[in-house]
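For reference, the structure is listed below as structure tokens.
The values are calculated or read from the model by the stated rules, or taken from the named source; none is laboratory data. Predicted model only: the values in this text are computed from it and were never measured. Don't worry about glycine lacking a Cβ; one is built from the backbone with ideal geometry, like all the others, and counts go over all protein chains shown.
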Amino acid sequence: MTSTTIADDTRVLHHPKTWVGKYVWSQDHKVIALQYSVTAVAIGLVALVLSDLMRLQLGFPGALKFITPSAYLQFVTMHGMIMVIYLLTALLLGGFGNYLIPLMIGARDMVFPFVNMLSYWVYLLAVLVLVASFFAPGGPTGAGWTLYPPQSILEGTPGRHWGIILMLASLAIFVVAFTMGGLNYVTTVLQARTRGMTLMRMPCSVWGIFVAAILGLLAFPALFVAAVMMMLDRLVGTSFFMPSLVSMGHQTDYNGGSPLLFQHLFWFFGHPEVYIVALPAFGIVSDLISTHARKNIFGYRMMVWAIVVIGVLSLFVWAHHMYVSGMNPYFGFFFASSTLVIAVPTAIKVYNWLLTLWRGDIHLRAPMLFAIGFIFTFIHGGLTGLFLGNVSVDVPLSDTFFVVGHFHMVMGVSPILVIFGAIYHWYPKITGRMWHAGLAHIHFWITFLGVYAIYLPMHYLGFLGVPRRYYALGQTAFIPHSAQVANEFITVAALIVGAAQLVFFYNMIWSYFKGPKADSNPWGATTLEWQTPQTPPAHGNWGPKLPVVYRWAYDYSVPGAPQDFIPQNVPPDGVARHHAT
Amino acid sequence: MGIVRRLTEKPWLAPGLDSSIDPDPDGLRTLPAAAVGLRLYFGVATIMFMLIAVVMVMRMDGHGLSTDQQPDWKPMFWPPLLWVNTGVLMLSSAAWEWARAAGRRGQMESLRAGLVAGGALAVAFLAGQLTVWRQLEDAGCGLTATTMSAFFYLITALHGLHLLGGLTVWGRTTLKVVAGGEAAEVEQSVDLCAIYWHFLLLVWLVMFSLLLLNRR
């Protein structure tokens with residue numbers, strides 16, 4: 001039985017007639033991708049503002065009266081949760097996954113377009129429930145993005161009454177949305193590849209998104225279970241995670257629960273989550289580097305295998321987030337070892353990116369700049385990860401700004417740089433217009449240098465022992481005054497980087513209306529999405545006939561070929577005849 | 001073709017269409033997309049129930065208790081109706097298998113009977129589970145009485161919700177059959193429902209055994 005999405009016959013495709021059918025209740029993967037992206041970026045902007053507010057408090061304590069200690073904790077919590085889940089996961093898988101998978105594998109759409117549409121609307125519901133917590137009595141939860149019980153649901157924690165309930169509900173809803181999307185992405189890759197598109201002919205972007213989607217399907221149930229059980233503890237009074245304890249001078253009704261169980265569940269999701277974000281970024285950056293260096297990706301098979309190996313290993317390292325929670329030393333040894341082993345496939349990827357650049361015909365356009373910027377920040381964040389993977393180093397550094405610097409470099413800045421690069425890379429295909437190169441360069445340099453100005457000093461603050469999550473340091477004997485100066489510097493840098501993003505939005509919006517018309521394949525890329533008959537691709541993507549794939553995705557600078565790239569759908573005997581459109 | 005061979009293919013060599021590596025895609029993909037999607041979902045649901053089971057076993061073991069705390073794990077009152085419910089779910093699964101086999105042979109009458117029986121028995125199972133909840137509350141073993149009963153409610157609720165999801169597909173399929181649809185039209189739905197029911201039966205049997213360890 002053949003799915004409609006891999007058939008040449010387009011009559012069975014659902015063709016909406018009305019504006020609402022086309023752009024609101026759309027089942028077209030490209031529209032859903034844009035819906036996901038716009039929603040994710042919108043909620044991400046809220047988190048960006050929250051981070052700047054946090055920085056204002058840290059750099060200039062007490063200057064803004066409305067940032068109370070409770071508000072500060074709420075900002076920390078919401079910033080973390082929104083960035084990790086509602087922005088990065090949703091944008092990389094819901095946004096890029098939706099847009100790229102069908103186009104790159106030569107399908108007309110996802111295999112379950114209706115479920116795909118549902119996935120977006122359920123995601124939007126999750127976002128709205130989350131946003132509602134800002135307006136609920138007591139405000140959003142301030143339990144920290146890890147939501148550790150017992151503190152997260154006890155009296156005295158900000159947002160204890162409504163915020164935590166809405167947060168848990170929103171997470172559970174998000175998992176439902178992700179599951180619908182994830183099943184679609186994986187099944188589409190398995191089932192809807194066009195003729196000739198073998199697994200090893202898929203671009204690295206698809207591999208990264210594919211493995212990340214599988215990882216998400218395996219990891220998100222842990223978050224779902226944790227959220228539901230904690231919700232029951234909070235609302236009904238069960239004791240899954242809540243031990244017998246005295247709160248605010250009163251003995252609670254809880255008895256015998258284990259807060260550590262929550263931590264295990266949370267991190268069984270939480271660590272793979274790092275790779276759910278990182279693997280699509282790894283894949284996409286491979287394609288950006290290869291395309292803009294006009295060279296095949298170095299060690300393609302190793303790149304694919306590394307993605308798979310990293311995905312598998314990431315399921316066995318979760319407790320390295322719990323070294324300070326106390327555990328059997330043998331467990332610590334196991335989790336430290338498995339954590340450090342991940343460095344091997346990751347290092348293979350980094351070397352292969354560098355070797356792809358080696359003697360390449362490098363075009364320093366905005367997507368390439370962001371890709372190279374990613375290599376810097378990722379190596380940086382990866383190396384500090386090696387520090388923290390060791391129990392003995394992690395324990396003293398765990399609650400300091402060193403950790404903040406580390407994870408922002410490795411899973412905040414790095415994926416975001418790839419996302420910017422990817423947006424600049426695919427923007428001409430998505431909109432049919434070209435962005436302004438000068439503004440894009442300004443955006444890159446301020447962002448790239450700015451993130452170093454923000455996060456590099458944080459490592460030093462960490463070594464000094466400056467604790468994270470503190471509203472104000474007050475008079476702390478062991479912390480010198482220079483730490484406050486560094487904090488002020490970081491805050492100014494953060495405000496500049498935050499404001500610089502306006503350049504990006506201005507560029508995107510202005511170019512959408514006024515930018516010059518883009519060629520259908522402005523970068524001379526080989527992958528299928530650049531070979532669509534229309535730009536932007538029409539509903540159904542491919543016109544009457546699906547493309548047939550004859551080669552891998554990296555035939556750049558092939559000796560003897562008339563051009564420095566051969567698209568995947570050019571047959572072997574068609575190379576001489578091929579001319580770029 | 002084995003997965004190892006696929007993943008060790010050297011894609012930069014030999015452009016073109018190699019029939020040994022890429023046979024006709026329609027022939028290669030013998031399973032319909034919905035069947036693949038459902039099997040993937042089994043993986044998701046398995047992880048979910050497995051995690052709950054692991055957490056429950058760890059709680060049974062007194063995980064996380066400090067030395068001066070008494071273990072709070074107590075076995076639970078066990079309504080005999082649970083045995084009946086388990087039997088009903090087995091029969092429901094069997095009815096679906098019957099409908100599936102009838103569908104393959106194109107026997108519309110048997111398919112219809114299997115379909116109705118499978119759905120009705122599932123509804124009976126859910127009603128039975130709700131009755132068990134009521135009996136537990138009457139016996140003082142409600143949701144918050146003990147941690148064991150909290151796990152019981154959580155597991156039965158999530159399992160029941162999955163079954164409800166299956167029943168919506170059952171409803172749609174039954175409507176088609178009632179409207180005079182041919183066996184071929186509903187064959188895939190019946191097929192998928194049948195394996196979904198078997199999966200939920202398996203989940204229930206594992207969870208049932210785990211819960212059974214803690215009866216009073």
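For every residue, the table says whether it meets (1) surrounded by fewer than 16 Cβ atoms within 10 Å (Cβ to Cβ); (2) assigned to a helix (DSSP H, G or I).
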site	(1), (2)
B:Lys74	yes, no
B:Thr86	no, yes
B:Ser93	no, yes
B:Ala99	no, yes
B:Gly118	no, yes
B:Ala127	yes, yes
B:Trp133	no, yes
B:Glu137	yes, yes
Out of region A:547-558, which residues are facing chain B (nearest Cβ under 10 Å), in contact (Cβ under 8 Å) with a residue 60 or more places away in the chain and over 11 Å from A:Pro571 (Cα atoms)?
A:Trp552, A:Ala553, A:Tyr554, A:Asp555
Filtered residue count, region A:504-527, keeping only those that are assigned to a helix (DSSP H, G or I) and in contact with a His (Cβ under 8 Å, 6 or more places away or on another chain):
4
In region A:106-119, residue nearest to the chain's Cα centre (by Cα) [restricted to those that are crowded, with 24+ Cβ neighbours inside 10 Å and away from chain B (no Cβ under 11 Å)]:
A:Ser119
I want to confirm something. Restricting to region A:328-348 and keeping residues that are over 26 Å from the mean Cα position of the chain (by Cα) and surrounded by fewer than 16 Cβ atoms within 10 Å (Cβ to Cβ), which single residue is nearest to A:Gly389 (Cα to Cα)?
A:Phe333
Complete set of residues in region B:48-64 that are facing chain A (nearest Cβ under 9 Å), in a helix (DSSP H, G or I) and buried (at least 19 other Cβ atoms within 10 Å of the Cβ)
B:Met48, B:Phe49, B:Leu51, B:Ile52, B:Val55, B:Arg59
Odd one out for A:Ser290 among (1) assigned to a helix (DSSP H, G or I); (2) closer than 23 Å to A:Ala343 by Cβ; (3) within 13 Å of chain B (Cβ to nearest Cβ); (4) not aliphatic (A, V, I, L, M)
(2)
Selected residue (only one of B:Trp170, B:Trp204 is out of contact with any His (no Cβ under 7 Å at 6 or more places or on another chain) and in contact (Cβ under 8 Å) with a residue 40 or more places away in the chain)
B:Trp170
A:Gly270: within 14 Å of chain B (Cβ to nearest Cβ) and over 19 Å from the mean Cα position of the chain (by Cα), yes or no?
no
Go through A:Gly432, A:Gly438, A:Gly421 for me and flag whichever is in contact (Cβ under 8 Å) with a residue 12 or more places away in the chain, within 23 Å of A:Ala518 (Cα to Cα), surrounded by fewer than 23 Cβ atoms within 10 Å (Cβ to Cβ) and not charged (D, E, K, R).
A:Gly432
If A:Ala177 meets every condition in (1) buried (at least 21 other Cβ atoms within 10 Å of the Cβ); (2) under 20 Å from the mean Cα position of the chain (by Cα); (3) within 17 Å of A:Arg234 (Cα to Cα) apart from one, which number is that one?
(3)
Quick check on region A:200-214. Is at least one of its residues hydrophobic (A, V, I, L, M, F, W, C), facing chain B (nearest Cβ under 8 Å) and surrounded by 24 or more Cβ atoms within 10 Å (Cβ to Cβ)?
no
Go through A:Leu260, A:Leu218 for me and flag whichever is among the hydrophobic types (A, V, I, L, M, F, W, C), assigned to a helix (DSSP H, G or I), facing another protein chain (nearest Cβ under 10 Å) and farther than 24 Å from A:Ile165 by Cα.
A:Leu218
A:Met411 passes all but one of the listed conditions (1) at pLDDT 95 or above; (2) under 20 Å from the mean Cα position of the chain (by Cα); the exception is number (1)
Looking only at region A:234-248, and only at residues there that are buried (at least 20 other Cβ atoms within 10 Å of the Cβ) and within 11 Å of B:Thr147 (Cα to Cα), the one that is nearest to the other protein chains (Cβ to nearest Cβ):
A:Thr238
Quick one: would you say A:Phe370 is modelled with pLDDT under 95 and of a type in the set (Phe, Trp, Tyr)?
no
All but one of (1) in contact (Cβ under 8 Å) with a residue 12 or more places away in the chain; (2) under 30 Å from A:Leu397 (Cα atoms) hold for A:Ser337; state the number of the condition that does not hold.
(1)
Just one listed residue, out of B:Cys141, B:Cys193, is in contact with a Gly (Cβ under 9 Å, 6 or more places away or on another chain) and on the phi < 0 side of the Ramachandran plot, and it is B:Cys193
With respect to A:Trp530, determine if the residue is in a helix (DSSP H, G or I), at pLDDT 95 or above, closer than 24 Å to B:Ala14 by Cα and within 27 Å of the chain's Cα centre (by Cα).
yes
Examine region A:533-541 for a residue that is within 14 Å of chain B (Cβ to nearest Cβ) and either on the phi > 0 side of the Ramachandran plot or not in a helix (DSSP H, G or I) (or both), and state whether such a residue exists.
no
Test set (1) facing another protein chain (nearest Cβ under 9 Å); (2) touching a helix residue (DSSP H, G or I) at 6+ places or on another chain (Cβ under 9 Å); (3) at pLDDT below 85; (4) part of a loop (DSSP other than H, G, I, E, B) - B:Asp26 fails condition number
(4)
State whether the residues of region A:492-503 include one that is touching a residue at least 40 places away in the same chain (Cβ under 8 Å), assigned to a loop (DSSP other than H, G, I, E, B) and either in contact with a Lys or Arg (Cβ under 9 Å, 6 or more places away or on another chain) or surrounded by 14 or more Cβ atoms within 10 Å (Cβ to Cβ) (or both).
no
Set A:Ala518, A:Ala561, A:Ala525: member being hydrophobic (A, V, I, L, M, F, W, C), crowded, with 22+ Cβ neighbours inside 10 Å and touching a residue at least 12 places away in the same chain (Cβ under 8 Å):
A:Ala525
Go through A:Phe112, A:Phe174 for me and flag whichever is more than 30 Å from A:Thr532 (Cα to Cα) and either of a type in the set (Phe, Trp, Tyr) or not assigned by TED's automatic domain parsing to the domain that holds A:Tyr36 (or both).
A:Phe174
Selection count where residues are surrounded by fewer than 20 Cβ atoms within 10 Å (Cβ to Cβ) and either in a helix (DSSP H, G or I) or under 28 Å from the mean Cα position of the chain (by Cα) (or both), scope region A:15-29:
7
